[in-house]
1. Within the set of other residues whose C-beta is less than 11 Å from the C-beta of Trp142, count the net charge using Lys and Arg as +1 and Asp and Glu as -1.
2. Take the Cα atoms of the chain, find their three principal axes, and give me the spread along each one in whole Å, biggest first.
3. Which order do peptides 67-73, 133-139 fall in by mean Cβ count within 10 Å, highest first?
4. If one computes the Cα centroid of region 1-78 and of region 119-156, what distance in Å separates the two points?
Amino acid sequence: MTEEPNELAVEIFINAPPQKVWDIMTARQEEWWCPKPWRTEIIEQDWRAGGRSAMVMRGPNEGEEHMLEGIFLEVTPGVRFVTTDAVKTGGVAGAWAPQEAFMIGIWEVAPEGEGTRYRASARHWTAEARQQHADMGFTDGWQACAQQLKDLAEGA
């Protein structure tokens, strides 16, 4: 696959069927979402377009955390989910509210031979934001998450 402008992406082959990978991606997200020793606490995952996607990533040091708050733009079961942090829910009567945007995240699975091709990508509004994410360790971090997902799917 070719990358879109301002996109960063990782891919990995997982020796498990796509439905199994999808089920682990969505039902066991806390187990693979961020690189260890960090951990993820799901606040809410409303698996539908427009649904809330909220979690906290907690680091190994006291008080080290990163809140992720946004919405799902697309949820196609067994294929992909797409989120953005450009919008959050919880305004007046639960209405959407804009917030400073960093990226659109896309997580996809596709059949490949007897297994699954997993791809995770982040699309940024600017080249500067893309570079900031790269400098934060995007490739190593997201590849570690992909490997954790692979380990769960192949070992479960």
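1. Here the charged neighbours net out to -1.
2. Dimensions of the chain along the principal axes of its Cα atoms: 47, 37, 33 Å.
3. Top to bottom by mean Cβ count within 10 Å: 67-73, 133-139.
4. A separation of 10 Å, based on Cα centres.
Where a number appears in this text, it was derived from the coordinates with a stated rule and is not lab data. Since this is a predicted model, take the numbers as computed values, not measurements. Counting neighbours? That spans all protein chains shown, and the Cβs are built from the backbone with ideal geometry, glycine included.
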